[in-house]
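So that we are looking at the same thing, I have put the structure below in structure tokens.
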Amino acid sequence: MTDLTRIFMISGNLTSQWSDSIMVAKGYRRCVMAGLLIKNIPPEVHEWLKREAERNRRSMTQQAIVVLEERMRRFRPVKFPPPVQTRTVLTAEFIDRAKREGRV
């Protein structure tokens with residue numbers, strides 16, 4: 001055990017050592033915030049986000065988080081009407097038979 005290992009050993013063994021130079025907290029993965037990778041952003045959306053981030057003196061990541069948080073505050077779930085009750089149960093077999101008979 002190196003001196004560095006002894007220094008970072010906390011009661012309850014809260015650290016683990018991968019090599020002589022890397023020490024990682026054992027609960028590290030549970031502490032990390034979730035990440036989001038967005039691919040194929042349309043160029044105009046990317047440019048808008050970049051301009052907004054610069055205007056607000058934020059990174060693009062920080063600006064994207066602000067935009068998502070603001071949208072979440074205004075979010076109202078969509079309420080759909082209850083499903084229509086029919087006399088006939090619409091099974092896959094019933095629908096296939098109707099198609100074969102030319103009913104659409």
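Please treat every number below as a calculation from the coordinates, not as lab data. All values derive from a computational prediction rather than experimental measurement. Glycine also receives a Cβ, built like all others from the backbone with ideal geometry; neighbour counts cover every protein chain displayed.
Please list the equivalent ellipsoid semi-axes of region 35-76, computed as the square roots of five times the alpha-carbon gyration tensor eigenvalues, in descending order and whole angstrom.
17, 14, 10
Using R₀ = 30 Å, calculate the FRET efficiency as 1/(1 + (r/R₀)^6) where r is the Cβ-Cβ separation of Glu93 and Lys39; round to 0.05.
With a Förster radius of 30 Å, E is 0.15.
Please list 48-56, 86-94 highest first by mean number of surrounding beta-carbon atoms within 10 Å per residue.
Top to bottom by mean Cβ count within 10 Å: 48-56, 86-94.
Just rank Met60, Met33, Met72, fewest to most, by other beta-carbon atoms within 10 angstrom. Each step should come with its number before you reach the end.
Values: Met60 13, Met33 4, Met72 8.
By the 10 Å Cβ count, ascending, the order reads Met33, Met72, Met60.
With a Förster radius of 25 Å, plug the Cβ-Cβ distance of Lys50 and Phe80 into 1/(1 + (r/R0)^6) and report the FRET value to the nearest 0.05.
0.10
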